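Engineer: Input: one structure, supplied below.
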Amino acid sequence: NYIEDFIPSGSGNLLIPNAVVIRENNTVSVSGSGNSSNNNYILKQNYPNPFNPTTIISFSISNSEFTQLKVYNVLGNEVQTLINENKQAGNHQIEFSAENLSNGIYFYRLISGNFSETKKMILLK
């Protein structure tokens with residue numbers, strides 16, 4: 001699994017059509033959503049960031065449903081699946097270990113129900 005069709009914008013941004021806009025300032029938006037219940041879903045910035053070699057990723061979901069949390073490299077290749085199961089509504093956190101990964105920028109993406117959000121994290125060894 002990987003994110004396809006990266007389009008460099010020339011201003012340091014990577015665009016993924018019909019999905020997510022990832023900007024250098026960590027602003028992330030989901031296009032085509034329109035679902036106001038997504039306000040109860042939160043994907044927090046990992047802590048610490050930058051990290052070496054572990055970091056905590058926290059998120060909240062408002063409904064009990066199938067949830068995925070995956071990590072991707074800058075090429076859009078999936079490097080690890082952290083969660084791929086039904087999760088109860090509420091607050092959750094998971095430790096991500098990048099012990100076997102190279103320095104660099106990685107993205108983590110949470111998908112739960114109709115909610116999807118991606119954030120950037122930096123591994124510095």
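Engineer: Counting other Cβ atoms within 10 Å, which GluC sites (Glu not before Pro) in region 42-125 have at most 10 and lie in a DSSP loop?
Structural biologist: Answer in residue order: GLU99.
Engineer: Residue by residue, what Karplus-based ³J(HN,Hα) values in Hz, rounded to whole numbers, does region 67-84 have, using 6.51, -1.76 and 1.60 with θ = phi - 60° and x for Gly and Pro?
Structural biologist: So the J values, rounded to whole Hz, are 9, 10, 10, 10, 10, 10, 8, 5, 7, x, 7, 5, 9, 6, 9, 8, 9, 8.
Engineer: Here's something else I'd like to know. Residue by residue through region 114-119, which ³J(HN,Hα) values in whole Hz follow from phi under the Karplus form 6.51 cos²θ - 1.76 cosθ + 1.60 (θ = phi - 60°), with glycine and proline marked x?
Structural biologist: After applying 6.51 cos²θ - 1.76 cosθ + 1.60, I find 8, 8, 8, 8, 10, 10 Hz.
Engineer: Same structure again: I'd like the distance separating the alpha-carbon centroids of region 86-125 and region 44-63, in whole Å.
Structural biologist: Centre-to-centre (Cα) distance: 6 Å.
Engineer: Using the basic label-point model (7 angstrom from Cα toward the beta carbon), what is the LEU124 to ASN52 distance in nanometres?
Structural biologist: 0.8
Engineer: Taking the convex hull of the Cα atoms, report for region 35-123 its projected area averaged over all directions, in nm².
Structural biologist: Values: hull surface 21.2 nm².
The number I arrive at for region 35-123 is 5.3 nm².
Engineer: Simple spin-label model, 7 Å along Cα-to-Cβ: GLU99 to ASN77 in nm?
Structural biologist: 2.1
Engineer: If you don't mind, another one. For a quick check: with amide H placed at 1.01 Å from N, whose amide H comes under 5 Å from ILE83's, ignoring anything fewer than 5 positions away on the same chain?
Structural biologist: LEU69
Engineer: Using θ = phi - 60° and the Karplus relation 6.51 cos²θ - 1.76 cosθ + 1.60, list the HN-Hα couplings for region 52-61 in order, rounded to whole Hz, with x at every Gly or Pro.
Structural biologist: 6, x, 10, 8, 9, 10, 10, 7, 10, 10
Read-outs throughout are calculated quantities, based only on the coordinates presented, and are distinct from any laboratory measurement. This one's a predicted model, so the numbers in the text were calculated from it and none came from an experiment. Reconstructed Cβ throughout: ideal geometry from the backbone, glycine too, with neighbour counts over all protein chains shown.
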